[in-house]
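> Sharing a structure here in structure tokens format.
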Amino acid sequence: MGQRVAIVGTGQTDHKSSRKDVNGVELIQEATARALEDAGLRRQDIDAVVIGNMDHFEGINYVDMWSIDGNGGLHKPVMKVTTGGTTGTTVAIAGYYHVASGLFDTVLAIGWEKNSESDTTAAIITCADPFWERPTFGGAVAGLAGAACEYMHRYGITERDAALIAVRDRKNALKNPYAHLRKEITVEDVLNSPMLAYPIKLLDMCPRSDGACAIVFASEDKTKCITDKPAWVHQVSSRHNFTFFTDVERAGRMPTLYEACMDIYKNEGIKNPLHELDVVEMYVPSSFAGLVWIDALGVCDEGGAARLVSDGVTEMDGELPINPSGGVISTNCIGATGLIRVAEAAMQISGKAGEHQIDGAELALATGFGGCQWSDVLLIGSSKPN
Amino acid sequence: MSKQKYPLLTISSEIEQPYNYSLGRYGGRLLKELKHNKKIVGIKCPKCGHVYVPPRQVCGKCFVKMDEFAEISNKGNLESFTVVYFSFLDPETGQKRPVPYGYGRIKLDGADSGFLHFLEESDLKKLKIGMRVEAVFDENRTGNFKDIKYFKITKERNPS
Amino acid sequence: MERVAIIGVGQTKYERNKKGETFADLVFEVVTKALDDAGIAIEDIDNVVTVSNDFWDGRTISSMAVTDACGSYGKSVSTVEGDGTFGALYGLMRLLSGSFRSTLVVSHCKGSEGSNHFITNAIFNPIYERIIGLDSISSSALQARRYTEKYGITEEQCALVSVKNHKNALNNPFAQIAMDISAEDVMNSRMLSEPIKLFDSSPISDGACAIILADERMAKRVATSPVWVKGIGHSADAYNLGDRDLAEPAALIRAAQKAYNMAGIKEPYKEIDVAEIYDAFTYQELLWSEGLGFCERGKGGKLIESGETTMGGKLPINPSGGVLSAHPVLVAGLARIAEITIQLREEGNGRQVDGAKTGLAHGINGACGQAHCVWVLEN
């Protein structure tokens, strides 16, 4: 049952804080055209389209229908999936299942956002329960700040420890032509930047970007005709266990990401992820989250992430490079953000990452974060899956 | 067509989207208790015993219906907090939310889940995780989340 | 395609305003019913697809509200934003991949909580179309006008759909609007957006629906009367209303063809015993019947006049009363699948189509049926 699936093409837009030169549909078209070009395919070759974003960022209902001219889905099967910040990885997982099901052979998966078109925090606030949590909730920044505060307290982590994540990702972004923020920063820059919501400062936090990303998923038969360096999808998993923010179990590792990773490691037979994974593209919206979620990957003891990072393990030349692309802290077009993680992981496997290529990467993990700790994880590899 | 350069335009619009959210029977009960008795109620899972606040019908972990209400203390431990300094549009009012403001995740005595609310204190130096806090009720309660004005720091010691 | 079956369904009663129930309450009710119907426990479900829409729910990441209630704790879970037929389709894909044995699909909507006008106005182009005030009703009026003018469909033929479906609804305990009315009653009802009148139009509804899909092994193990998925197809048309001939259901024709090819159906009118289709307005049942190949193009009016789509006819359409009798958006297509499942299990009681073996369920997305999803099911 089911068929093998590979990523055979990826496309990203030129991500910026505001792309006033295009409307949303044109932005989407820019990414889809680049993904098709990368795969050497035409629109006619695509069997189905799956797309996602977060409605309230642009105020458009039924985006899958509205974007039909740009998403390549005219007269084709089109579907929308959405799970908040995870939307991009959710789109990728849906693209995978479209093909794995055997119903389609070549599928375009698209994530996008034009964050410049609304007040991002206002739009995110409405994800909280309208009665009990919306009045206090201060959007992603404040939500992440509360979690960061607790993590610092529990493990004795400092703001300086966290700043290293932002410094690392922003440095990596210098090598990625698609990254939105491409300016090196120092730990002191981070610590001296304006406080947004304690302990998160401006430079700890991801930007808001306009951008789109598209990925072409293909069946084994199609893949053979398209490329000799496909990025095979080995495993996908997702968890979303909570309704209220206050239900999230904070003791121990971030539970949903940990569970999803463990699900993947078990199914793949990974015993030591630190050694066996070659690169991780992690959805890190703030520097603090970048520590918390390393713990959840199961590559260190609880609270051990800061040490791993300060020892350089997650640098480009470390044992487990994290976010060679510069990550979310350098580019955050929300509905595309998760999909960019998957695209970047696939580019590493296919050897298409250019200046930020990790040599010889054979197994890459991509993660997404959203909702009330929604976690999506995909494992991408160079060898054909069993 | 001439080669004249056209400016890049945006069109501003405000979308009106009114909603009437149902609180359900369980949420309604908490509001009534807040308004009339200055009490916070939660709900207990018959299977795992976890006490949730605000009350809701289903324990997600056990997937069972809960119907045993539990009275929760107005006091608890500050599990985490933040002070928000950046200004943003509040979608509920259409106005900028006043900053700075402090809010926290409070583990009320008798509850297992947390509870989000405003903190009276917004001076970072005076806030610490593990502090004891207590709900301060509004004199004129209308059956609303803001019947609790905020939580204030008390001099009690954290028993844990 | 591997064999996949529907082994459980659950619906709420559809009502104008379920004020006492939250989204989570509705979802828990139907998930519990579907599990009971299948005779299994939540532990037997190994992945979940929820269906919700941020505009209808007035909430970004609307699926957050139903996480506890959908039983997805500790399971792989995802969310489709669109009609429930699309959610079910994603659930089907996940099963066909071989990664799971069972998928729970659940959809909820409370039309009572938001404003139908503002929410459906947001479907249209923000720069060029919204300002005209287009919404689901006024855009459908354009389609109704174009379709009826092009093919000479009469007002009375449309009214007959309302008469039939509202009468069928009298036999459906879940229906919201059930009544025995005449074509004159429909034609004399209040004008909403010419030519659409009140009784030509579906109501605003609250409700939820869940179905459980299982692979062949599990279905054979647990289900006494599994209903098998024989064919599915979905397709989308152009977005700008001006880019489409609104009288031509091009996307539906493609979706149906795909589903029929998969199911081996050559003459749908002969081979299908019962259909539940997305009649948000009376003219839609006629137009979609054409797109589904139940009659020739432009003959939808004749089809309803023939009486063959009423109970006891050759191809009863919407024995449940259809969407005209309850229209919880997003849920409505999933309810069509649930109703066909009930038919094929011969559990329809007063609304049962005798000896139904092959059934069709249909859902739409976007304005004026921009996208369609077609399911062929068999017992």
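The values are calculated or read from the model by the stated rules, or taken from the named source; none is laboratory data. Remember, predicted model here, so these are calculated numbers, not experimental data. Heads up, the Cβs are rebuilt from the backbone with ideal geometry, glycines too, and the neighbour counts pull from every protein chain shown.
> Would you point out the residue of segment B:58-109, among those that are among the polar types (S, T, N, Q) and either within 14 Å of chain C (Cβ to nearest Cβ) or more than 18 Å from the chain's Cα centre (by Cα) (or both), that is nearest to residue B:131 (Cα to Cα)?
Applying the filter and picking the extreme gives B:87.
> Taking the condition of being within 24 Å of residue A:31 (Cα to Cα) and either over 12 Å from the mean Cα position of the chain (by Cα) or modelled with pLDDT under 95 (or both), how many residues in segment A:370-381 meet it?
Within segment A:370-381, residues that are within 24 Å of residue A:31 (Cα to Cα) and either over 12 Å from the mean Cα position of the chain (by Cα) or modelled with pLDDT under 95 (or both) number 4.
> Hey, another quick one. Step by step: first the residues of segment A:19-32, then only those that are at the interface with another protein chain (Cβ under 9 Å from one of its Cβ atoms) and either touching an Asp or Glu at 6+ places or on another chain (Cβ under 6 Å) or of a type outside the set (Lys, Arg) (or both), then the one that is surrounded by the fewest Cβ atoms within 10 Å (Cβ to Cβ). Which residue is that?
Per the stated criteria, the residue is A:21.
> Here's something else I'd like to know. Considering only segment B:107-121, state which residues are in a loop (DSSP other than H, G, I, E, B) and either crowded, with 19+ Cβ neighbours inside 10 Å or acidic (Asp, Glu) (or both).
Once the filter is applied, which keeps residues that are in a loop (DSSP other than H, G, I, E, B) and either crowded, with 19+ Cβ neighbours inside 10 Å or acidic (Asp, Glu) (or both), segment B:107-121 yields B:109, B:111, B:112, B:113, B:114, B:120, B:121.
> Could you run through segment B:74-106 and say how many residues are among the charged types (D, E, K, R), over 22 Å from residue A:147 (Cβ atoms) and not in a strand (DSSP E or B)? Reasoning before the result, please.
Going residue by residue through segment B:74-106, those that are among the charged types (D, E, K, R) are B:75, B:79, B:90, B:92, B:96-97, B:105.
Within this subset, residues satisfying the condition of being over 22 Å from residue A:147 (Cβ atoms) are B:75, B:92, B:96.
Filter once more, so that each one left must be not in a strand (DSSP E or B): B:92.
Qualifying residue count for the region: 1.
> Please find, among C:128, C:147, the residue that is in a loop (DSSP other than H, G, I, E, B) and among the aromatic types (Phe, Trp, Tyr).
C:128
> Let me ask something additional. Hand me the list of strands (runs of 3 or more DSSP E) wholly inside segment A:151-239 holding 1 or more residues that are within 14 Å of another protein chain (Cβ to nearest Cβ), within 22 Å of the chain's Cα centre (by Cα) and not charged (D, E, K, R).
Answer list for segment A:151-239: A:210-219, A:231-239.
> Name the residues in segment B:1-52 that are assigned to a helix (DSSP H, G or I) and acidic (Asp, Glu), would you?
If the condition is that a residue be assigned to a helix (DSSP H, G or I) and acidic (Asp, Glu), then B:33 is the only one that fits.
> When you scan segment A:240-255, do you find a residue that is under 30 Å from residue A:13 (Cβ atoms), touching a Lys or Arg at 6+ places or on another chain (Cβ under 7 Å) and not in a strand (DSSP E or B), even just one?
No: segment A:240-255 contains no residue that is under 30 Å from residue A:13 (Cβ atoms), touching a Lys or Arg at 6+ places or on another chain (Cβ under 7 Å) and not in a strand (DSSP E or B).
> Hey, can you tell me all the residues within segment B:82-107 that are in contact with a Leu (Cβ under 9 Å, 6 or more places away or on another chain) and of a type in the set (D, E, K, R)?
B:96, B:97, B:105, B:107 - these are the residues of segment B:82-107 that are in contact with a Leu (Cβ under 9 Å, 6 or more places away or on another chain) and of a type in the set (D, E, K, R).
> Here's a follow-up. Checking residue A:122 against (1) touching a Gly at 6+ places or on another chain (Cβ under 7 Å); (2) surrounded by fewer than 24 Cβ atoms within 10 Å (Cβ to Cβ), which single condition isn't satisfied?
Answer for residue A:122: the failing condition is (1).
> Which of the residues spanning segment C:19-58 are of a type outside the set (Asp, Glu) and either closer than 19 Å to residue A:88 by Cα or touching a Lys or Arg at 6+ places or on another chain (Cβ under 6 Å) (or both)?
C:20, C:47, C:48, C:49, C:50, C:51, C:52, C:53
> Something else now. Just wondering, is there one or more residues in segment C:306-325 that are closer than 16 Å to residue C:165 by Cβ and of a type in the set (Lys, Arg)?
no
> A follow-up question, please. Examine segment B:2-10 for a residue that is at pLDDT below 95, out of contact with any Cys (no Cβ under 8 Å at 6 or more places or on another chain) and within 13 Å of chain C (Cβ to nearest Cβ), and state whether such a residue exists.
yes
> Go through segment C:27-40 and give me each residue that's closer than 21 Å to residue A:243 by Cβ and either free of Cβ contacts under 8 Å to residues at least 40 places away in the same chain or not assigned by TED's automatic domain parsing to the domain that holds residue C:109 (or both).
Listed by number, the list holds a single entry, C:32.
> So, one more: For segment A:69-90, name all the residues that are outside any loop (DSSP other than H, G, I, E, B), more than 7 Å from chain C (Cβ to nearest Cβ) and under 22 Å from residue C:255 (Cα atoms).
Those that are outside any loop (DSSP other than H, G, I, E, B), more than 7 Å from chain C (Cβ to nearest Cβ) and under 22 Å from residue C:255 (Cα atoms): A:70, A:71.
> Contact list please: Cβ distance under 7 Å, first residue in segment A:261-283 and more than 18 Å from residue A:239 (Cβ to Cβ), second residue β-branched (Val, Ile, Thr) and modelled with pLDDT of 95 or more, pairs at least six apart or on different chains.
A:274/A:299; A:276/A:270; A:278/A:358; A:279/A:358
> For residue A:218, all conditions in the list (1) of a type outside the set (D, E, K, R); (2) in contact with a Pro (Cβ under 8 Å, 6 or more places away or on another chain); (3) assigned by TED's automatic domain parsing to the domain that holds residue A:362 hold save one; what is the number of the exception?
If we test residue A:218 against (1) of a type outside the set (D, E, K, R); (2) in contact with a Pro (Cβ under 8 Å, 6 or more places away or on another chain); (3) assigned by TED's automatic domain parsing to the domain that holds residue A:362, just (3) comes out false.
> Filter segment B:25-57 down to residues that are at the interface with chain C (Cβ under 9 Å from one of its Cβ atoms) and over 23 Å from residue A:239 (Cα atoms), then give me how many there are.
Looking only at that region, the number is 4.
> Here's a check for you: in segment A:130-150, which residue that is outside any helix (DSSP H, G or I) and touching a residue at least 40 places away in the same chain (Cβ under 8 Å) is farthest from the other protein chains (Cβ to nearest Cβ)?
Of everything passing the filter in segment A:130-150, A:137 is farthest from the other protein chains (Cβ to nearest Cβ).
> Now, a different point. Kindly indicate the residue of segment C:225-244 that is in contact (Cβ under 8 Å) with a residue 12 or more places away in the chain and farther than 24 Å from residue C:329 by Cα and also farthest from the chain's Cα centre (by Cα) among those meeting that condition.
This residue is C:225.
> Among the residues of segment A:41-60, which ones are part of a helix (DSSP H, G or I), buried (at least 24 other Cβ atoms within 10 Å of the Cβ) and more than 7 Å from chain C (Cβ to nearest Cβ)?
If the condition is that a residue be part of a helix (DSSP H, G or I), buried (at least 24 other Cβ atoms within 10 Å of the Cβ) and more than 7 Å from chain C (Cβ to nearest Cβ), then A:57 is the only one that fits.
> Determine if segment A:61-68 includes at least one residue that is more than 7 Å from chain C (Cβ to nearest Cβ), in contact (Cβ under 8 Å) with a residue 40 or more places away in the chain and surrounded by 24 or more Cβ atoms within 10 Å (Cβ to Cβ).
Yes, segment A:61-68 contains a residue that is more than 7 Å from chain C (Cβ to nearest Cβ), in contact (Cβ under 8 Å) with a residue 40 or more places away in the chain and surrounded by 24 or more Cβ atoms within 10 Å (Cβ to Cβ).
> Related question: Does residue C:287 satisfy the condition of being modelled with pLDDT of 95 or more and of a type outside the set (Gly, Ala, Ser)?
So residue C:287 passes the test.
> Quick one: what pairs do we get from segment A:109-125, first residue more than 8 Å from chain B (Cβ to nearest Cβ), second part of a strand (DSSP E or B) and aromatic (Phe, Trp, Tyr), C-beta under 7 Å, 6+ apart or different chains?
Sorted first by the residue in segment A:109-125, then by its partner, the pairs are A:109/A:217.
> Given (1) among the aliphatic types (A, V, I, L, M); (2) assigned to a helix (DSSP H, G or I); (3) facing another protein chain (nearest Cβ under 7 Å), where does residue A:103 come up short, assuming only one miss?
That leaves (2) as the condition not met.
> State all residues of segment C:281-302 that are buried (at least 24 other Cβ atoms within 10 Å of the Cβ) and either of a type in the set (A, V, I, L, M) or in a loop (DSSP other than H, G, I, E, B) (or both); if no residue qualifies, say none.
C:286, C:287, C:292, C:294
> From the list C:102, C:139, C:107, C:112, exactly one residue is out of contact with any Leu (no Cβ under 9 Å at 6 or more places or on another chain) and not aliphatic (A, V, I, L, M). Which is it?
That would be C:112, the only listed residue that is out of contact with any Leu (no Cβ under 9 Å at 6 or more places or on another chain) and not aliphatic (A, V, I, L, M).
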